[in-house]
1. Of the residues that make up the stretch 18-29, is at least one under 10 Å from the mean Cα position of the chain (by Cα), buried (at least 21 other Cβ atoms within 10 Å of the Cβ) and at pLDDT 95 or above?
2. Restricting to the stretch 107-118, what's the tally of residues that are modelled with pLDDT of 95 or more and crowded, with 16+ Cβ neighbours inside 10 Å?
3. State all residues of the stretch 5-47 that are farther than 22 Å from Pro89 by Cα, in a helix (DSSP H, G or I) and among the small types (Gly, Ala, Ser); if no residue qualifies, say none.
4. Please give the number of the condition Gly73 fails out of (1) of a type outside the set (A, V, I, L, M); (2) out of contact with any helix residue (DSSP H, G or I) (no Cβ under 8 Å at 6 or more places or on another chain); (3) at pLDDT below 95; (4) in a helix (DSSP H, G or I).
Amino acid sequence: MNAAEEARQFLRKSRANLLCARVIYVLGSEETAYFNVAASRTYYSMYLSAKALAALCLRDHHAGARLKHGSTGGGRTGVLSVLLENQVPSPLVEAMRSTQGLREQADYETMGVEGALVEHAISSAQELLDHVLARANETTDQ
């Protein structure tokens, strides 16, 4: 599979995760357990958007590396942060970092996450997805 197709596949998965996050969020209303699942799906939507961006960057730069989740010692978002810092607006980089923290709280802590935080994360995930989609469209137009 070439890098452009790989990016399309990651974007498809990102959209599906974001849609699931939205549906689960709405179903959850005041149920923290639902917010926890929505937070997790939101993070993975962002992660998959970042993987799509990585595929586009690798194709554009003819690099042979692959992005792996948590693959550097620079923190869990090390590779993603390095990639994103020069490719997307800094508020989206920070949003991904905070959404990862939200997911970790949702998945590994006894206390659930707040609905307002999940709603904000979903909005940020949509912004990141839109940004990467625009980049993918620019790349295919050239």
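The values are calculated or read from the model by the stated rules, or taken from the named source; none is laboratory data. This is a predicted model, so every value here is computed, not measured. Using ideal geometry, Cβ is built from the backbone for each residue, glycine included, and neighbour counts are taken over all protein chains shown.
1. Yes, the conditions are met somewhere in the stretch 18-29.
2. 2
3. Ala16, Ala21, Gly28, Ala33, Ala38, Ser40
4. (4)
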